[in-house]
Every structure is written in structure tokens, then in C-alpha cells.
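The structure is given below, and queries will be raised subsequently.
The values are calculated or read from the model by the stated rules, or taken from the named source; none is laboratory data. Owing to the predicted nature of the structure, the values given are computational and were not obtained by experimental measurement. Quick reminder, even Gly has a Cβ in these numbers, built from the backbone with ideal geometry, and neighbours come from all protein chains shown. Note: accessible area is taken over every heavy atom of the protein model, side chains too, but ligands, DNA and RNA are not part of it. Shrake-Rupley method; radii C 1.70, N 1.55, O 1.52, S 1.80 Å.
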Amino acid sequence: MPSKSAKDFFRPLAVGAPTPPTEIPARPSRAIHFFDPSNEKMAAKIPQMVGTVDVLLGNLEDAVKADNKLAAREGLVRIAQDTEGLGGPDAKTQLWTRINSLDSPWVLDDLTTLIPAIGHKLDVVMVPKVQGAEDIHYVDRILAQLEAKAGLDRPILVHAILETARGVANVEEICGASPRMQGLSLGPADLAADRRMKTTRVGGGHPGYLVRQDPENGEIDAPRAVFQQDLWHYTIARMVDACAMHGIYPYYGPFGDIADVVACEDQFRNAFLLGCVGTWSLHPKQIAIANKVFSPSVEDIKHARRVVAAMGDGTGAVMLDGKMEDDASLKQCLVMVELAEQLAAIDPELKQQYDAISLEA
Ligand code: GLV
Ligand code: MG
């Protein structure tokens, strides 16, 4: 039972801070492209990436060397200030950041620097290694204080990375810890380490995690089909349920084998089919994979629209191509159709493909 009154939940946590959101808007975020703002070469590419990717995320945490923490923070401020069309409620490309972890010496400076300087452009703050609701409460209160001080009129949203065993055990309370909660990402590398899993890969499968076909005629040494299994299925499924329950959004995380675009696409698609809305991108070529995978296919939308049209007022059941459709399958189709509409609003190429669908064909 929460110790706070339901009415207090939507009161600002600091005098003068913006009112917390009652709903998290479904802004397209198929690819969250990570960049290191201390890397001049990467930073120089940011302006031309605006409009080509749903989210650009200035990473301040892992993968940024300790000596570069200050340069990354300051680089992000500069990039946000100088880049047209990046971040804010009407921007085509959202601006997110991943701050340092709450047990690091850098995180407080991250927040006290970023919010006054670029809080009006920052859409989402991603918090790594979240263990429980207390971590979200800490960030929630600081954000409110800084928003009030900076005179911001729009609350900055919070996204948690699920990458500790305790975080997974507390996943529901994390999602419900603040009205600012926007979503969760899977952090397979830290999570594997924290759980003492025996994979050294960043996301993706493992050839040793498999099931094997039974032997025929007791011949255990004869060749048998093996099927690799998804190491992340359980965690992603838990994440999806926790997020859906709280009206926020689940994401796959990093896929470290940049060259293996095929397995990357498979991992992203598994997450999409299970209910995730997007993923991280660690290299520009993963943006194209994410945009493709996290946009419903033309075939799916064609089918979904046929079901919507055939179901009329939504009650009863109909047969289409020998398959039964009813209220529940109509709702499944509406999930797809609504997502397609949201994506078409920001992606002209997709809009053209969806618009070209004819129901007769
Ligand atoms: C991401 O941060 C991970 O640890 O996988
Ligand atoms: Mg991590």
C-alpha cells in the first residue's frame, strides 16, 4: 500500500516545478541512438542525424572514460544548445541523456549542470542501474527542484535501465515510482554480470543456451537438430508486463555485435513481438534495423485494417481467410493500426507505404 495519498502523486515535488504528467505520450522512439558527447567526431555528426532517428541520447555513463566525464557533460550542453530541431515537445528527434549511476561521484553534477542549461530541450533522463523505487524517488525530487529553479514549464521524464537482479525483482515498483516514469530498457551486459550469468556478450543469444532434439532409436551421438534459445526472454517479458501495467514503454537495450546485423535484427524483432516499442542503437547501421523492425509491416497493417473494417461495431465474430476474428483480435489489430498512425505522422516514407495499402488486394 503506497504511503502517499493518491492526490499527492500528481503534485509537484518542489514549489514552482511543473505539474507531473498524468499520461506519457506515445512519441515514436524506435531507435535510441547513443553518442558520446566528448567524442568530437561523433558530436560533429549530430546535426545531420536530426530528423533521421527518433531519439538521440547523449551518453554520460559507461563507455565514457572517467577522464572524459566533464567533457561529455559539457559537450552535451553545447550540442543541445547549438542543434536546431533536437529535443523539446515538437522536435522530430527527441533528446535524451543517460546520466551516471546514482552511486557515482558524477551524477549530481550531471543533473545540476544539464537541467538549468538545457532542461527545456531534454525530453528524457535515463537512469542506469536502478535498484528500486527509492532510486526513482531520489531523481524525481532533484529534478523537481532543478526544474523549479530553472523555471521549466514541462516535466522531464525518467527512464530506468533494468540491469541488476534487485531491479528486476522490483520492476513493478520501479515503473510505478513516479508519474515521470516514461519507460524501461533492458541492460543485458550489467544484468548478466550482476546475476552471475556466464555470457560475456553484450546482449543477443549464446550458442550454448539451446535445446536439442531427442535422439532417434537411442542414438545419442547421431546428428540432432539444436535450437538456440533467447537468454533475455524472461526479463523482457517481465519488463513488458510491468510497463503495460503502469502505462509506460519497454525497450530492448544494446546489441554489442555491430557486424552481426542479422542476429541484431532477430533480437530486436523478438522484443518488438513481445511488446517493446524500440531499442538502443550503438552504431548508425542499427538505426535502420530498428526503424524497420519497430514499424509494423505493410502486410500486418493491411491485415489489421481488414479486420477493423470487417468487425464493424466491434462486437460478435467474423471469419476472414478461414480464421476467426472477434473483439480480442480486433484489439490486437488496433494496437498495430494506432502504432502505424503514430509512426506515419513522423515518417513520410512509412506514411506513403501505409497509404498505398488497398483493402481489396
Ligand atoms: C547497458 O547499459 C547494459 O549494461 O547492457
Ligand atoms: Mg549498463
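Determine the dipole magnitude for segment 29-187: charges of +1 sit on the beta-carbon of Lys and Arg, -1 on that of Asp and Glu, nothing else is charged, the reference point is the Cα centre, and the result goes in debye to the nearest 20.
The calculated dipole for segment 29-187 is roughly 260 debye.
Then there's this: May I ask you to give the solvent-accessible area per residue for segment 1-111, in square angstrom, as obtained with a 1.4 angstrom probe?
In whole numbers, segment 1-111 has 52 Å² accessible per residue.
Tell me which of 184, 322, 274 sits at the most positive position along the dipole axis of the chain, charges placed on C-beta atoms (Lys, Arg +1; Asp, Glu -1).
184
Placing unit charges on C-beta atoms (Lys and Arg positive, Asp and Glu negative, everything else neutral), compute the dipole magnitude of segment 70-135 about its Cα centre in debye, rounded to 20.
The dipole magnitude comes to about 160 debye.
Now, a different point. Could you work out how much longer the chain between residue 15 and residue 68 gets when fully extended? Use 0.36 nm per residue separation minus the Cα distance between them, nm to one decimal.
Full extension from residue 15 to residue 68 adds 15.6 nm.
State the answer as a single residue: which of 229, 239, 218 lies farthest towards the positive end of the charge dipole of segment 175-239, with beta carbon charges of +1 for Lys and Arg and -1 for Asp and Glu, about the Cα centre.
239
Still on this structure, please answer the following. Just the accessible area per residue of segment 298-355, please: how many Å² with a 1.4 Å probe?
Ligands and nucleic acids excluded, the figure is 62 Å² per residue.
Another question about this same structure. Using the crude model of +1 on Lys and Arg Cβ and -1 on Asp and Glu Cβ, and no other charge, please compute the dipole size for the chain relative to its Cα centre, in debye to 20.
720 debye
Kindly sort 234, 354, 249, 138 by accessible area of their heavy atoms, largest first, with the probe set to 1.4 Å.
Per-residue accessible area, sorted high to low, gives 234, 138, 249, 354.
Here is a follow-up. Go ahead and estimate [θ] at 222 nm for the chain from helices alone: -39,500 (n - 2.57) per DSSP H run with n ≥ 4, summed, over the residue count, rounded to 500.
-12500 deg cm²/dmol
Continuing with this model, one more query. Can you pull the percent of segment 262-308's accessible area that's carbon plus sulfur, 1.4 Å probe, other chains left in place?
Accessible surface attributable to carbon and sulfur in segment 262-308 totals 58 percent.
Check which residues have an amide H placed less than 5 Å from residue 320's amide H, if you skip close sequence neighbours.
The answer is 325.
Continuing with the same structure: So in the chain, what percent of DSSP beta bridges are antiparallel if you round to the nearest 5?
The antiparallel proportion sits near 15 percent.
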